[in-house]
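Enquirer: Take a look at the following structure, please.
The values are calculated or read from the model by the stated rules, or taken from the named source; none is laboratory data. Not measured: the values here are computed from a predicted model. Backbone-built Cβ (ideal geometry, glycine too); neighbour counts: all protein chains shown. Side chains included, ligands, DNA and RNA excluded: accessible areas come from the protein's heavy atoms. Shrake-Rupley method; radii C 1.70, N 1.55, O 1.52, S 1.80 Å.
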Amino acid sequence: MDILRTRKLMSILIDQTKKVIVQGITGREGMARAKLMIEYGTTVVAGCTPGKGGETVLGVPVFDTLEEAVETIGQVDISTIFVPAPLVKDAAIEALSAGIKLLVIVPDRVPIYDVLEIAAVAKEMGAEFVGPNTLGLLSPGKAVLGMIGGSAASARNWFLPGNCGVTSRSGGITSSIAYYLSRAGVGLSSIVHVGGDAVVGLPHPEIIKKYEADPETKAVVMFGEIGGSQEETVADLIESGAVTKPIIAYIGGRGAKSGTRFSHAGAIIEGGRGTYEGKVERLKTAGAHVVENFGDIPAVTKKVLASLSGKM
Amino acid sequence: MARLHEYQGKKLLAEAGIKIPQYRVVRNVGETDEAIETVGLPAVIKAQAWTTGRASIGAIAFAGSPAEARAAVQKMLGLEIKGFPVTEVLVEEKLKITREFYLGIIIDDTNKCPRMIFSSVGGTGIEEIARAHPDKVAHALVDIRWGLRDFEARNAIRKTGVTGKLQVQLAGTAVKLYEAARKYEARSAEINPLVVVESGEIVAADCRFTVDDYAVFRHADLGIEIAREFGHPPTALDKIAYDVEKNDWRGTFYFIELARGYNKGEKYLGFHGAGGGGSMMSMDALTKRGYQIANFCDTSGNPPASKVYRAAKIILAQPNIDGYFGSGSGVASQEQFHSARGLVKAFREENISVPVVIRLGGNLEDLAIKILTEYTTDLPAPVEGYKKDDPADYCAERMQKLLAEYRPPAEKPKPRPKPMAAKPYSFKTITGKVTFDHDRCAKCESKICVEKCVPKILKLENGLPVLAITVEDAAKGKCTECLACEIECEQHGAAGGYVDLPIAGLDKYLGRT
Ligand code: SF4
Ligand code: SF4
């Protein structure tokens, strides 16, 4: 019974049962975000800052290394990383070496080759990471990782629980979509900012696969952007049948000037992917609900959810 | 991306052991003869500009004599490419090419690894060739921990039908290119064309090399001035803005001029966004209504009021914008009143005379809007503030309305001079200086600065505001430059507080002394 209960409570990637460590908890950002996480209900069990072991921050013990933290308090599920960008690679690989299976890498400006190295180690360890350059993720009423909402009071106020998943490439838009949906009466299962950089650990397609497997999620709102091929890959997933839940998609950057492409190579491997028109076209053909006006997202989502319950 | 000029990229290739043509870079015609002596005749003359298809716009020429070379250099130094003057011209030996290939290293976001791309046909139109003849293009995914191995490169090149010694030579070049890309953390490194010359050697005839912006700090030797994604060399204003960002790590500030040479009334707006996604959407809302974006600017990631102030001052340094539009995602996690105070300071100092619409939705938005709108009612132009329940599209509509109704003053109002304190009490902050005029403070009833100072570092001594902490601590960042002691003081005190936040180079740029 207990197993059933936990499973029922489980949302994608995070809930209140997961044990979380904060790397860089003694810094300005780390401390502020740890406060948000704890006050919202996340189980923060420890912090880690080299040289600050033995201190206590917000009632949480601080360790010098993650190995020591895990030895002392037992295995940790998730690490949220708030160290300066040049130190992120080492911090992330330290967490992966300590057996932590999910990282949330908040800082931006992490060098791309560092991200590639983190990705290679994560793959070897069977681990995953969200970010870098992410606001994090939140499951309403359960837990938050990162900094979505800013304060626990706002986060509680703005995001209501329910059955719609959100995944976004823009941090600010993650919050705004989630807020507008909640205000329109559409509750949320989870909201995820996949990260704003070119290479991220869990891009849209991976997050959407998780929503597909999540019994709580009935539909997914995706905020895509021009560049890269995450949105086209989502279209591929819909066409192949790997994703069956309805996807409501908005693509930002219609007005952006073309010619931002910086190499032939990018054009060769993307093969026409990456443009606003291309993304909209692919998603429409695959059967996603593409919304042209940002403000229409809540109404369209409502309609899609209503038609689902009609069918059931 | 921090893009290198062709000759700069080629230097990195040469360092990695790839052969490049003999070259000289000239910056005026007088240097041409000497360059020709080095590289010989015939020579190729190439304008150094960040654009493709240079041949079609006269940015590449051949010279058979020193006179021809001088003429070509002269012509190119007078060229403007994408609105930017050519300042450097590459003079190169003309290669005797027998065959052309394409070779590139790029970051593959889907597979999260570097990727080598080789095409057995190179030259212009490589994208189309790749689409039409996929069999002529081969790829190899690189394991970041080992790097590109020679056999992996050979296996890829083999698939395009290249065999024998040539295959070995090309693979060797690919490994070297990867090493250069890895060493200098290239987002992309391309040689197009990579050529075989009559002697049988492989030579890089061109090079496009872009360094990861976020890694530029590890490569000071490259001398990259601005690690930013620019489609053009940075403008004077871009550089001023970048200096602000470079010297202040709190939050993000990004500024780039998108247009120049436009006039008043041509519907160009100063744009001040917060966060990439929300900014893009807000710009979409404006362009849909027929407006042009004069600049892109982003202050996000919880920046202090001082940074938002500097951003606004830089945006307002564009003399011909018709309006000022600010909007991010609409639901920001950061406390928005900081941004409001930064904007108010800039608008007041400049006596802003173009209509302003700002969406400051997010945490503590009510306070933010109150500050923004109530403290600007006496300015020449209208300032409107909106919250998270007001969509970007509605804000764009408001901008349109204001612009239609607004009649700007015949003469542009002068900026406010800096206040002079009769009895100054000053202390340094991270990027500026706070001054209280104790003459005025003595007459002030509210002493509101002490109460509103966000980090609470002020106290009253003999009825006058002073630091409650050491000057060292204030200078190190305990004074967060929240601007309350100026903005709230001006509204509710006796105008004794002033925060001086210099922007290096801006006054000179504006012709102010
Ligand atoms: S509010 Fe202004 S005038 Fe009054 S004490 Fe403070 S700085 Fe001086
Ligand atoms: S002294 Fe206080 S109120 Fe004035 S700028 Fe510094 S932190 Fe803000």
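Enquirer: Among the residues of the range B:438-451, how many are open to solvent by 50 Å² or more (accessible area, probe 1.4 Å) and of a type in the set (Lys, Arg)?
Expert: First, pick out the residues of the range B:438-451 that are open to solvent by 50 Å² or more (accessible area, probe 1.4 Å): B:439-440, B:442-443, B:445-446, B:451.
Among the residues that remain, those that are also of a type in the set (Lys, Arg) are: B:440, B:443.
Going through the range B:438-451 one residue at a time, the tally reaches 2.
Residue by residue, here is whether (1) near ligand 2 (Cβ under 10 Å from one of its atoms); (2) farther than 19 Å from B:Arg250 by Cα holds:
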residue: B:Leu467; (1), (2): yes, yes
residue: B:Cys479; (1), (2): yes, no
residue: B:Ala484; (1), (2): yes, no
residue: B:Pro502; (1), (2): no, no
residue: B:Tyr509; (1), (2): no, yes
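Enquirer: Moving to a separate point now. Any residue in the range A:136-143 that is assigned to a helix (DSSP H, G or I) and of a type in the set (Ser, Thr, Tyr)?
Expert: Let us first name the residues in the range A:136-143 that are assigned to a helix (DSSP H, G or I), namely none.
No, there is no match, as no residue in the range A:136-143 is assigned to a helix (DSSP H, G or I) and of a type in the set (Ser, Thr, Tyr).
Enquirer: Taking B:Lys370 as the residue in question, decide whether it is at pLDDT 95 or above, more than 30 Å from the chain's Cα centre (by Cα) and under 20 Å from B:Ala305 (Cα atoms). Break it down stepwise before answering.
Expert: On the way: at pLDDT 95 or above: yes; more than 30 Å from the chain's Cα centre (by Cα): yes; under 20 Å from B:Ala305 (Cα atoms): yes.
Answer is yes for this residue.
Enquirer: For the range B:390-437, which positions are surrounded by 14 or more Cβ atoms within 10 Å (Cβ to Cβ), of a type in the set (A, V, I, L, M, F, W, C) and closer than 21 Å to B:Val450 by Cα?
Expert: Hits for the range B:390-437 are B:Ala421, B:Phe427, B:Ile430, B:Val434, B:Phe436.
Enquirer: Filter the range A:126-140 for residues that are at the interface with chain B (Cβ under 10 Å from one of its Cβ atoms) and open to solvent by 10 Å² or more (accessible area, probe 1.4 Å); which is farthest from B:Gln336 (Cα to Cα)?
Expert: Looking at the filtered set, the residue picked out is A:Asn133.
Enquirer: I've got another one for you. Take the residues of the range B:280-313 that are touching an Asp or Glu at 6+ places or on another chain (Cβ under 6 Å) and more than 16 Å from ligand 2 (Cβ to nearest atom): which is modelled with the lowest pLDDT?
Expert: B:Ala285
Enquirer: Right, another one. Looking at the range B:67-88, which of its residues are out of contact with any strand residue (DSSP E or B) (no Cβ under 9 Å at 6 or more places or on another chain) and over 22 Å from B:Leu4 (Cβ atoms)? It would help to see each step written out before you state the result.
Expert: Step one: list which residues in the range B:67-88 are out of contact with any strand residue (DSSP E or B) (no Cβ under 9 Å at 6 or more places or on another chain), which gives B:67, B:74, B:80, B:82-85, B:87.
Of everything in the range B:67-88, those that are out of contact with any strand residue (DSSP E or B) (no Cβ under 9 Å at 6 or more places or on another chain) and over 22 Å from B:Leu4 (Cβ atoms) turn out to be B:Ala67, B:Gln74.
Enquirer: With a cut-off of at least 2 residues that are among the acidic types (Asp, Glu) and open to solvent by 20 Å² or more (accessible area, probe 1.4 Å), name the helices (runs of 4 or more DSSP H) lying wholly within the range B:3-111.
Expert: Values: elements: B:6-15, B:32-39, B:66-77.
The helices (runs of 4 or more DSSP H) meeting that bar are B:32-39.
Enquirer: For the range A:141-172, give me each residue that is more than 21 Å from B:Pro391 (Cα to Cα) and open to solvent by 10 Å² or more (accessible area, probe 1.4 Å).
Expert: A:Gly141, A:Lys142, A:Met147, A:Ser151, A:Ala153, A:Arg156, A:Pro161, A:Gly162, A:Asn163
Every residue, every condition in (1) touching a Gly at 6+ places or on another chain (Cβ under 9 Å); (2) under 26 Å from A:Pro215 (Cβ atoms), yes or no:
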| position | (1), (2) |
| --- | --- |
| A:Met125 | yes, no |
| A:Leu135 | yes, yes |
| A:Ser139 | no, yes |
| A:Arg156 | yes, yes |
| A:Pro161 | yes, yes |
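Enquirer: Same structure again: How many residues does the range B:452-465 contain that are open to solvent by 50 Å² or more (accessible area, probe 1.4 Å) and away from ligand 2 (no atom under 13 Å from the Cβ)?
Expert: Residues meeting the conditions: 3.
Enquirer: Kindly state which strands (runs of 3 or more DSSP E) lie completely within the range B:405-513 and contain at least 1 residues that are at pLDDT 95 or above, near ligand 1 (Cβ under 10 Å from one of its atoms) and within 14 Å of chain A (Cβ to nearest Cβ). Write out each step before concluding.
Expert: Working: elements: B:424-428, B:433-437, B:458-461, B:464-467, B:497-500.
Of the strands (runs of 3 or more DSSP E) lying wholly inside the range B:405-513, none has at least 1 residues that are at pLDDT 95 or above, near ligand 1 (Cβ under 10 Å from one of its atoms) and within 14 Å of chain A (Cβ to nearest Cβ).
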